[in-house]
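Structure incoming, see below.
The values are calculated or read from the model by the stated rules, or taken from the named source; none is laboratory data. Being a predicted model, the structure only gives us computed values, none of them experimental. Note that each Cβ is placed from the backbone with ideal geometry, even for glycine, and that neighbours are counted across all protein chains shown. What goes into the accessible areas is simple: the full protein's heavy atoms, side chains included, and nothing from ligands, DNA or RNA. Shrake-Rupley method; radii C 1.70, N 1.55, O 1.52, S 1.80 Å.
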Amino acid sequence: MIKLDNINKSYVNGTSLHVLKGLNLRIEKGEFVAIMGASGSGKSTLLNILGILDTYDTGTYYLNDILIKDLSEKVAAEYRNRLIGFVFQSFNLISFKTAVENVALPLYYQGVGRKKRNEIAMEYLDKMGIADWADHLPSEMSGGQKQRVAIARSLVTSPQVILADEPTGALDSTTSIEVMEILKSVNREGMTIVMVTHDPDMAAMAQKIIRIKDGIIGSIEKV
Amino acid sequence: MFDLLNEIASSLKKNKLRTFLTGFSMAWGIFILIVLLGAGNGLRNGIQYNYGSSNMNVSQMWPGRTSIAYQGLQVGRRIKFDATDGPYLQKELPNIGAYSAKNTIYGANIVYGNEYVAAPIQGCDLNYTKITYMHIIKGRNINQMDMDQTRKVIVLHKRTVDILFKGEDPLGKYVVVNKVSYQVVGVYMDDDMAQRPFALIPLSTADKIYNPAKRGYNELGFYIEDLKGNMDDINEFDLSLKSKMGHKKQFDPKDNSAVYYYNTWKDYNQAQGIFGGITLFIWIIGVGTLIAGIVGISNIMLITVKERTKEFGIRKSIGARPSSIIKLILTECLMITACFGYVGMFLGMGVVEVMNMMTAKPTVGASQDSMVTFLNPSVDLGIVISATIVLIVAGLVAGYIPAKKAVKIKPIEALRYE
């Protein structure tokens, strides 16, 4: 499903910083993987490459047997839309749109009609248990509710993989567990999830923990 | 398309201050432009009205008596103008566009019913309108038939008509001038500066009735063309006009009392300078306002795009193509600038109309006292529309450049952007 071979990534910012040093990784369909590592180990960089938000220097990355390399912005946008769902630490909802409009936005970029996409969005909000908040703005919602909206948004296009970057980083422990339960149930329905976290309790709820150390895979352990 | 508009409408509605600021800078630019241009045009029209007859380059010549002996001819000889003088001078001097001979009868009374007006009578030929600031407002001017048949027809000044006829239609009526009756064929208006405006009759008629002794015309006027040079050129023209006349009438060109001569070139030139200055002033106002407007709209678009960098990052992460984001920005910009540009245009036109209503119209019959400084403020609709388009395009360009930059940022950087 996800196939990374010998991925190298450097940031040139005055001095060159070699972040990923020939990283190899396989993630199978339906897995729930947690990526852990010290700050600066390259875990966020890895996630950004997986999400086609960032580019890599050398190596190959296959997502669903498609080579993700040197894509034009247009094609990258298309793949992000169809193949990947994002859940961010800071939610990244559009502040002037209601919950249902936020969830429906990826469908807007697929060209789905307004009525149809709002219907689908409502379905996913309902699944997340926040259908009553559909017409509220993000600023009127709690952190947990916002993250549920974000998860609904990531699911709405039925992507191949959900990439979650510290999804519980901004939440208290009770809400964090709720959000993790949601991700687990999404995973049980067959969705592949890759989550970056530095919280061992959250990582323990995944099936597999991958530790990144100095730009390569340090260890892989099954939970 | 409907979806895109919906998307924009929701973004505009949720960002009221930003929408208002962008729109306001657009509307304000157009509004100020129209009001200033309108006021500038009003000023120019007002001054142009005051200048009236000075806005023509004409010269006039009156006959006198010689003061210098010339080729054996005595001092004190009377110079007489006749019908051959005009054609001769026009042939000799290509700058003369038209000439007109006049005979003026002073001390006449024009009588109609129980009313009378003391007004000089001007016997004039067909070229009179070319060398005089006047226009027919009713009926017709004197024509060739009048001249050929020495008809007793008369063209009256508007003020004379107002006094004599008191609202009655003057055309076809007969007025009596020193015991000779004339039919009124037209009414004219000039710059209204004369205390006693002329009444016009055909030159041939005037000659026959008032000048049986053939004493010659008492004035010769010329309309001068293509003489926009400096003072030296005009002095040269004056000199050659006088020497040609001296050659024909046999007097010394240096003789200043053989003919009296006046050229309006100085006044005309000054008036042209003032109008040129005002026109330049209006242009500077217009272009300056437009530039201020462009800067304003560009600024706000720049800030708008900057402020939305993170939003664009989010949109890109969920699958928005760069082109769709640029389209979003540009359509939004177009909608705001077009709508508010229209509002500014509407309000500006309204203010110009109010100015137009409030400025005093020059009152007929008040003569010298009716100086105006402001008249008919108006703006050319074509200029207004092109200015609006310029501002809209400026807004689009000002939106496009940062938008292009914003969509080039990697989504990951845009997402981090606060």
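What single numbered condition from (1) on the phi < 0 side of the Ramachandran plot; (2) within 14 Å of chain B (Cβ to nearest Cβ); (3) surrounded by fewer than 16 Cβ atoms within 10 Å (Cβ to Cβ) fails to hold for A:S158?
Of (1) on the phi < 0 side of the Ramachandran plot; (2) within 14 Å of chain B (Cβ to nearest Cβ); (3) surrounded by fewer than 16 Cβ atoms within 10 Å (Cβ to Cβ), only one is false for A:S158: (1).
Is it fair to say B:K266 is within 25 Å of the chain's Cα centre (by Cα), of a type in the set (D, E, K, R) and farther than 19 Å from B:F81 by Cβ?
Values: within 25 Å of the chain's Cα centre (by Cα): yes; of a type in the set (D, E, K, R): yes; farther than 19 Å from B:F81 by Cβ: yes.
So B:K266 passes the test.
Go through (1) outside any helix (DSSP H, G or I); (2) crowded, with 22+ Cβ neighbours inside 10 Å for B:S378 and report which single condition fails.
(2)
Need the failing condition index for B:D146 against (1) in a strand (DSSP E or B); (2) farther than 30 Å from B:G46 by Cα, just the number.
(1)
Of all the residues that make up segment B:310-330, how many are within 13 Å of chain A (Cβ to nearest Cβ) and open to solvent by 10 Å² or more (accessible area, probe 1.4 Å)? I'd like the intermediate steps shown before the answer.
Within segment B:310-330, the subset within 13 Å of chain A (Cβ to nearest Cβ) is B:310-328.
From the residues that got through so far, the ones that are open to solvent by 10 Å² or more (accessible area, probe 1.4 Å) too are B:310-311, B:318, B:321-324, B:326-327.
Result for segment B:310-330: 9.
Looking at (1) within 30 Å of B:E219 (Cα to Cα); (2) touching a residue at least 60 places away in the same chain (Cβ under 8 Å), can you tell me which one B:G76 breaks?
Unmet for B:G76, out of (1) within 30 Å of B:E219 (Cα to Cα); (2) touching a residue at least 60 places away in the same chain (Cβ under 8 Å): (2).
The rows are residues; the columns are (1) in contact (Cβ under 8 Å) with a residue 60 or more places away in the chain; (2) within 19 Å of B:I318 (Cα to Cα).
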site	(1), (2)
A:I66	no, yes
A:V75	no, yes
A:F96	no, yes
A:K127	no, no
A:A131	no, no
A:E140	no, no
A:I151	yes, yes
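Of all residues in segment B:83-103, count the ones that are assigned to a strand (DSSP E or B) and open to solvent by less than 20 Å² (accessible area, probe 1.4 Å). Steps first, please.
Taking segment B:83-103 first, the residues assigned to a strand (DSSP E or B) are B:96-103.
Now narrow it down to the ones that are open to solvent by less than 20 Å² (accessible area, probe 1.4 Å): B:96, B:98, B:100-103.
Total satisfying the criteria: 6.
Here is a further query. Against the condition under 16 Å from A:S154 (Cβ atoms) and surrounded by 14 or more Cβ atoms within 10 Å (Cβ to Cβ), how does A:I68 come out, does it pass? Explain how you work it out, then say what you get.
Numbers: under 16 Å from A:S154 (Cβ atoms): no; surrounded by 14 or more Cβ atoms within 10 Å (Cβ to Cβ): yes.
Judged against the criteria, A:I68 is not a match.
Taking B:W62 as the residue in question, decide whether it is under 14 Å from B:L347 (Cα atoms), open to solvent by 40 Å² or more (accessible area, probe 1.4 Å) and either over 12 Å from the mean Cα position of the chain (by Cα) or modelled with pLDDT under 80 (or both). I'd like the intermediate steps shown before the answer.
On the way: under 14 Å from B:L347 (Cα atoms): no; open to solvent by 40 Å² or more (accessible area, probe 1.4 Å): yes; either over 12 Å from the mean Cα position of the chain (by Cα) or modelled with pLDDT under 80 (or both): yes.
No, not satisfied.
Got at least one residue in segment B:331-347 being among the charged types (D, E, K, R), open to solvent by 30 Å² or more (accessible area, probe 1.4 Å) and modelled with pLDDT of 85 or more? Before you say what the answer is, go through the steps one by one.
Initially, segment B:331-347 is screened for residues among the charged types (D, E, K, R), giving B:332.
Those still in the list that are open to solvent by 30 Å² or more (accessible area, probe 1.4 Å) too: none.
No, there is no match, as no residue in segment B:331-347 is among the charged types (D, E, K, R), open to solvent by 30 Å² or more (accessible area, probe 1.4 Å) and modelled with pLDDT of 85 or more.
Here's the yes/no breakdown for (1) open to solvent by 60 Å² or more (accessible area, probe 1.4 Å); (2) within 19 Å of B:D207 (Cα to Cα); (3) assigned by TED's automatic domain parsing to the domain that holds B:N114:
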site: B:K152; (1), (2), (3): yes, yes, yes
site: B:V161; (1), (2), (3): no, no, yes
site: B:L164; (1), (2), (3): no, no, yes
site: B:E168; (1), (2), (3): yes, no, yes
site: B:S181; (1), (2), (3): no, yes, yes
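Please specify each residue of segment A:71-81 satisfying the condition of being hydroxyl-bearing (S, T, Y) and crowded, with 16+ Cβ neighbours inside 10 Å.
Applying the first criterion (hydroxyl-bearing (S, T, Y)) to segment A:71-81 yields A:72, A:79.
Residue satisfying the conditions is A:Y79 alone.
Specify which of the listed residues (B:D252, B:D190) is under 30 Å from B:N114 (Cβ atoms), surrounded by 15 or more Cβ atoms within 10 Å (Cβ to Cβ), of a type in the set (D, E, K, R) and modelled with pLDDT under 90. Full working, then the answer.
Numbers: B:D252 fails: under 30 Å from B:N114 (Cβ atoms).
So the residue among B:D252, B:D190 that is under 30 Å from B:N114 (Cβ atoms), surrounded by 15 or more Cβ atoms within 10 Å (Cβ to Cβ), of a type in the set (D, E, K, R) and modelled with pLDDT under 90 is B:D190.
Still on this model: Can you tell me which residue among B:I234, B:I209, B:I291 is in contact (Cβ under 8 Å) with a residue 12 or more places away in the chain and farther than 22 Å from B:T104 by Cβ? Before you say what the answer is, go through the steps one by one.
Numbers: B:I209 fails: farther than 22 Å from B:T104 by Cβ; B:I291 fails: in contact (Cβ under 8 Å) with a residue 12 or more places away in the chain.
B:I234 is the lone residue from the list that is in contact (Cβ under 8 Å) with a residue 12 or more places away in the chain and farther than 22 Å from B:T104 by Cβ.
Filter segment A:161-175 down to residues that are among the hydroxyl-bearing types (S, T, Y) and over 17 Å from A:M36 (Cα atoms) and give me whichever is surrounded by the fewest Cβ atoms within 10 Å (Cβ to Cβ). Working first, answer last.
Initial filter on segment A:161-175 (among the hydroxyl-bearing types (S, T, Y)): A:168, A:173-175.
In the following step, the residues that additionally are over 17 Å from A:M36 (Cα atoms) were identified as A:173-175.
Details: A:S173: 11, A:T174: 9, A:T175: 17.
Among residues in segment A:161-175 that are among the hydroxyl-bearing types (S, T, Y) and over 17 Å from A:M36 (Cα atoms), the one surrounded by the fewest Cβ atoms within 10 Å (Cβ to Cβ) is A:T174.
B:I285 passes all but one of (1) in the same structural domain as B:L33 (by TED's automatic domain parsing); (2) open to solvent by 50 Å² or more (accessible area, probe 1.4 Å); (3) in contact with a helix residue (DSSP H, G or I) (Cβ under 6 Å, 6 or more places away or on another chain); which number fails?
Tallying (1) in the same structural domain as B:L33 (by TED's automatic domain parsing); (2) open to solvent by 50 Å² or more (accessible area, probe 1.4 Å); (3) in contact with a helix residue (DSSP H, G or I) (Cβ under 6 Å, 6 or more places away or on another chain), B:I285 fails exactly one: (2).
For A:D214, work out the one condition from (1) within 22 Å of A:K29 (Cα to Cα); (2) loosely packed, with under 15 Cβ neighbours inside 10 Å it doesn't fulfil.
Result: A:D214 passes all but (1).
State which residue is least open to solvent (accessible area, probe 1.4 Å) when the search covers only segment B:12-29 and only residues that are without any contact (Cβ under 8 Å) to a residue 24 or more places away in the chain and part of a helix (DSSP H, G or I).
Keep residues of segment B:12-29 that are without any contact (Cβ under 8 Å) to a residue 24 or more places away in the chain, which gives B:13-17, B:20.
From what's left, part of a helix (DSSP H, G or I): B:13-14, B:16-17, B:20.
Details: B:K13: 136, B:K14: 86, B:K16: 145, B:L17: 123, B:F20: 109 Å².
Within segment B:12-29, the match that is least open to solvent (accessible area, probe 1.4 Å) is B:K14.
Shifting gears a bit: Give B:K242, B:K266 a once-over and let me know the one that is surrounded by fewer than 19 Cβ atoms within 10 Å (Cβ to Cβ) and more than 14 Å from chain A (Cβ to nearest Cβ). Before the answer, list the steps.
Values: B:K242 fails: surrounded by fewer than 19 Cβ atoms within 10 Å (Cβ to Cβ).
Sole residue among the options that is surrounded by fewer than 19 Cβ atoms within 10 Å (Cβ to Cβ) and more than 14 Å from chain A (Cβ to nearest Cβ): B:K266.
Continuing with the same structure: Give me a count of the residues in segment A:109-127 that are of a type in the set (A, V, I, L, M) and over 17 Å from A:P159 (Cα atoms).
Within segment A:109-127, residues that are of a type in the set (A, V, I, L, M) and over 17 Å from A:P159 (Cα atoms) number 1.
Still on this structure: Restricting to segment A:198-211, give me the number of residues that are open to solvent by less than 80 Å² (accessible area, probe 1.4 Å) and part of a strand (DSSP E or B).
3
Do we have any residue at all in segment A:63-84 that's within 14 Å of chain B (Cβ to nearest Cβ), aromatic (F, W, Y) and over 30 Å from A:E140 (Cα atoms)?
Scanning segment A:63-84 turns up at least one residue that is within 14 Å of chain B (Cβ to nearest Cβ), aromatic (F, W, Y) and over 30 Å from A:E140 (Cα atoms).
Mind listing whichever residues of segment B:169-221 are part of a strand (DSSP E or B) and of a type in the set (D, E)?
First pass over segment B:169-221, keeping only residues part of a strand (DSSP E or B): B:174-177, B:180-190, B:199-202, B:217, B:219-221.
Passing the criteria: B:D190, B:E219.
Hey, among the residues in segment A:39-62 that are in a loop (DSSP other than H, G, I, E, B), open to solvent by 50 Å² or more (accessible area, probe 1.4 Å) and more than 9 Å from every other protein chain (Cβ to nearest Cβ), which one's farthest from A:T168 (Cα to Cα)? Write out each step before concluding.
So in segment A:39-62, the residues in a loop (DSSP other than H, G, I, E, B) come out as A:39-42, A:51-57.
Going one step further and asking which of them are open to solvent by 50 Å² or more (accessible area, probe 1.4 Å), we end up with A:39-40, A:55, A:57.
With the extra rule that they be more than 9 Å from every other protein chain (Cβ to nearest Cβ), the set shrinks to A:39-40, A:57.
On the way: A:S39: 16, A:G40: 19, A:D57: 30 Å.
Once the filter is applied, the top-ranked residue is A:D57.
All but one of (1) open to solvent by 60 Å² or more (accessible area, probe 1.4 Å); (2) within 14 Å of chain B (Cβ to nearest Cβ) hold for A:K29, so report the exception by its number.
(2)
I would also like to ask the following. Output yes when any residue across segment B:242-261 is free of Cβ contacts under 8 Å to residues at least 60 places away in the same chain, not acidic (D, E) and not in a helix (DSSP H, G or I), and no when none is.
Looking for residues that are free of Cβ contacts under 8 Å to residues at least 60 places away in the same chain, not acidic (D, E) and not in a helix (DSSP H, G or I), one finds at least one in segment B:242-261, hence yes.
Another question, then. For residues that are closer than 22 Å to A:A131 by Cα and either β-branched (V, I, T) or not in a helix (DSSP H, G or I) (or both), tally how many sit in segment A:173-190.
Qualifying residue count, segment A:173-190: 7.
Is one or more of the residues making up segment A:87-100 within 10 Å of chain B (Cβ to nearest Cβ), buried (at least 20 other Cβ atoms within 10 Å of the Cβ), in contact with a His (Cβ under 7 Å, 6 or more places away or on another chain) and not small (G, A, S)?
Within segment A:87-100, one or more residues are within 10 Å of chain B (Cβ to nearest Cβ), buried (at least 20 other Cβ atoms within 10 Å of the Cβ), in contact with a His (Cβ under 7 Å, 6 or more places away or on another chain) and not small (G, A, S).
Another question, then. What's the number of the condition A:V112 fails, among (1) of a type in the set (V, I, T); (2) within 10 Å of chain B (Cβ to nearest Cβ); (3) farther than 27 Å from B:K14 by Cβ?
So A:V112 meets the others, but not (3).
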